[in-house]
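Right, one structure below, let's go through it.
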Amino acid sequence: MRHVGWIAGAAATVLVAAGAITYAAADGDDSGSGSGTRAPSAGSADAGFARDMAVHHQQAVEMSYIVRDRTKNVEVRRLAYDIAQTQANQRGMLLGWLDLWELPKVSADPPMTWMGMGDMASGKDGSLMPGMATNTEMKRLGTLDGKQAEVFYLQLMTDHHKGGIHMAEGCVAKCTVGVEKRLAQGMVDAQQSEIKLMADMLKARGAKARD
């Protein structure tokens, strides 16, 4: 039951932010050029990124909830809270755009098809996209406590951010909706900063990121 207040607050934030940015897109803020908005197609990079990153973000939120209950360390709990809040918020925006564009939230195409990577090996033990943890790793995180949980979470999240940055950079290069491209660039900047922070946190615990 300890999640209730946090979940309620996050949900409210998502609804407000997603609504605001969705209306911005609907009003023609597609590229900053003042041109009218045309909804992208289901097979576009815009739609593909929105679908895939929503899934990618959901796992980050789940990992952050898990570690929040596995450690009492204020620094790690604060980072987990920030990541969960930010990525739940962004996930709401991405799903809101798909609703706005009247496009499905799932696709028959493999993940990363919009980046030309649909033929890559995916789905191995639940790791559907670059950086995603496997089901086994998620289960293991839920069995650890204290410093062990902190280190494993920081390692998993570092990998997760690296994969997320790769995807977001793909959207910056390929997406056509301006507000989505700006969100993607914001993800790149923020997650690069968090990777540096997590490297310092791992070092302080006598550990480092995985190769």
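The values are calculated or read from the model by the stated rules, or taken from the named source; none is laboratory data. As the structure is a computational prediction, the values presented were derived from the model and not from experiment. Counting neighbours? That spans all protein chains shown, and the Cβs are built from the backbone with ideal geometry, glycine included. Areas reflect the complete protein model, heavy atoms only, side chains present, ligands, DNA and RNA absent. Shrake-Rupley method; radii C 1.70, N 1.55, O 1.52, S 1.80 Å.
For this structure, a couple of remarks:
- Residues of the stretch 127-150 classified as in a helix (DSSP H, G or I), of a type in the set (A, V, I, L, M, F, W, C) and open to solvent by 20 Å² or more (accessible area, probe 1.4 Å), total: 1
- The residue pairs whose first member lies in the stretch 65-77 and is in contact (Cβ under 8 Å) with a residue 40 or more places away in the chain and within 14 Å of LEU141 (Cβ to Cβ), whose second member is of a type outside the set (A, V, I, L, M) and open to solvent by less than 80 Å² (accessible area, probe 1.4 Å), and whose beta carbons are closer than 6 Å, counting only pairs six or more residues apart or on different chains, are ILE66/GLY142; VAL67/TYR153; THR71/GLY146; THR71/GLU150; VAL76/GLU150.
- Members of the stretch 195-211 that are of a type in the set (D, E, K, R), within 13 Å of LEU156 (Cβ to Cβ) and either in contact with a Gly (Cβ under 9 Å, 6 or more places away or on another chain) or surrounded by 12 or more Cβ atoms within 10 Å (Cβ to Cβ) (or both): none
- Flag for ASP46 being assigned to a loop (DSSP other than H, G, I, E, B) and either in contact (Cβ under 8 Å) with a residue 12 or more places away in the chain or of a type outside the set (Val, Ile, Thr) (or both): no
- Residues in the stretch 79-111 that are under 30 Å from ARG68 (Cα atoms) and assigned to a loop (DSSP other than H, G, I, E, B) were compared, and the one that is least open to solvent (accessible area, probe 1.4 Å) is PRO111.
- Number of the exception - GLU75 against (1) in a loop (DSSP other than H, G, I, E, B); (2) at pLDDT 50 or above; (3) loosely packed, with under 14 Cβ neighbours inside 10 Å: (1)
- Every pair of residues 6+ apart whose Cβ atoms lie under 7 Å, when the first sits in the stretch 171-194 and is outside any helix (DSSP H, G or I) while the second is open to solvent by less than 10 Å² (accessible area, probe 1.4 Å): CYS175/ASP46; CYS175/PHE49; CYS175/ALA184; THR176/ASP46; VAL177/ALA25; VAL177/ASP46
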